[in-house]
Every structure is written in structure tokens, then in C-alpha cells.
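In what follows, a structure is listed as C-alpha cells, so that the remarks can point back to it.
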Amino acid sequence: MAFITKIAFYIEKKILNAFNIVSTISDRMVEKALDKGVESKKIIHFPNWTDVEHFRNFQERSLYLKSISIDPNKKIILYSGNMGEKQGLEIVLEVAKIFENKNDLLFLMVGEGAVKKFINRSKA
């Protein structure tokens, strides 16, 4: 391992261990934090996704969707999160274009980021 890489890992370990809490979004990231010497009691696994089963029987779904002008009979394909360059959201737009004649689908993109203005321009 190069000397510079060793220094970078050393600094990273020192920084991580200086915090009271280290949060991660995946089990693998928890493992990495542990590998870097972070105490398990300081690590919080905070996934950035949800269990969709929790929302399947959402009784007020129709009322809520109607209140935001969305047909409750449509299947919603949702992207929620950062709209940055590295997310590859152009793929979502390409897929939405392929399915634009499917009246039972609605592609919904929610979030903020550098490419949001380009996504807004690409709306049909």
C-alpha cells in the first residue's frame, strides 16, 4: 500500500473515531466502520430506504393521492433522493419515455440536486 494511502486511512480512522456517533446506510458500511476501529456502540445503522410493505394497505392512500392531484389508480414509480450527476437519473427518464403511453403508470421524481433543473426541462 502506498505511503499516501496509509496516511489517508490513518486520518480517516482518526476523524471517524473523533465523533460521538457515526451513521451509515448499509450493513456493509457498518462493517467498514468497525474495520476502521469505530466502536460498535457509536455506530447507527440508518438505512435510506423503507419497507414498502408498510405502505401497501395505506387506507388513506386514495384521499392523499387525490389531494396532490394524482390518480389513485395509477402505479407510481418513485425515485426519491439526491438528484445529482452520479445518480444516473437519465436512465429513469429514458425508461419513463419508453412507457409514456402506459396510462396506468406515473413516474414521480422527488428530491433536490444539481440535475433537477435538467429533469424539469425534460418533462413532456
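The values are calculated or read from the model by the stated rules, or taken from the named source; none is laboratory data. Keep in mind that this is a model prediction, so the values were computed, not measured. Cβ coordinates were reconstructed from backbone atoms using ideal geometry, including for glycine residues, and neighbour counts include every protein chain displayed. Only protein heavy atoms, including side chains, enter the accessible area calculation; ligands, DNA and RNA are left aside. Shrake-Rupley method; radii C 1.70, N 1.55, O 1.52, S 1.80 Å.
Per-residue accessible area (protein heavy atoms, 1.4 Å probe) orders 105, 63 as 63, 105, starting from the largest.
Taking every protein chain into account, the 1.4 Å probe leaves residue 1 with about 150 Å² of accessible area, to the nearest ten. Rounded to the nearest 0.05, the FRET efficiency derived from the C-beta distance between residue 21 and residue 51 at R0 = 22 Å is 0.40. Once all protein chains are placed together, residue 5 keeps about 50 Å² accessible to a 1.4 angstrom probe.
Between the amide H of residue 77 and those of 106, 107, 108, distances stay under 5 Å, these residues lying 5 or more places away or on another chain, with hydrogens modeled in the peptide plane. In this structure, the residue pairs whose Cα-Cα separation is over 18 Å, taken from 86/117; 75/97; 75/102; 6/41; 32/86; 66/102, are 6/41; 32/86; 66/102. Could you pull out every residue, at least 5 positions away or on a different chain, whose amide H is within less than 5 Å of the one on residue 113? Hs are placed 1.01 Å off N in the peptide plane, and Pro or chain starts have none. Under 5 Å from the amide H of residue 113 lie the amide H atoms of 83, each far enough along the sequence or on another chain. Surface composition of the range 1-118: carbon plus sulfur atoms contribute 58% of the solvent-accessible area (1.4 Å probe, protein chains only, all chains present).
For the chain, go through all pairs of different Cα atoms, get the mean of 1/r, take its inverse, and jot down that Kirkwood value in Å.
Working: mean 1/r = 0.0545 Å⁻¹.
The Cα-based Kirkwood calculation yields 18.4 Å.
At a probe radius of 1.4 angstrom, the accessible area of the chain per residue rounds to 83 square angstrom.
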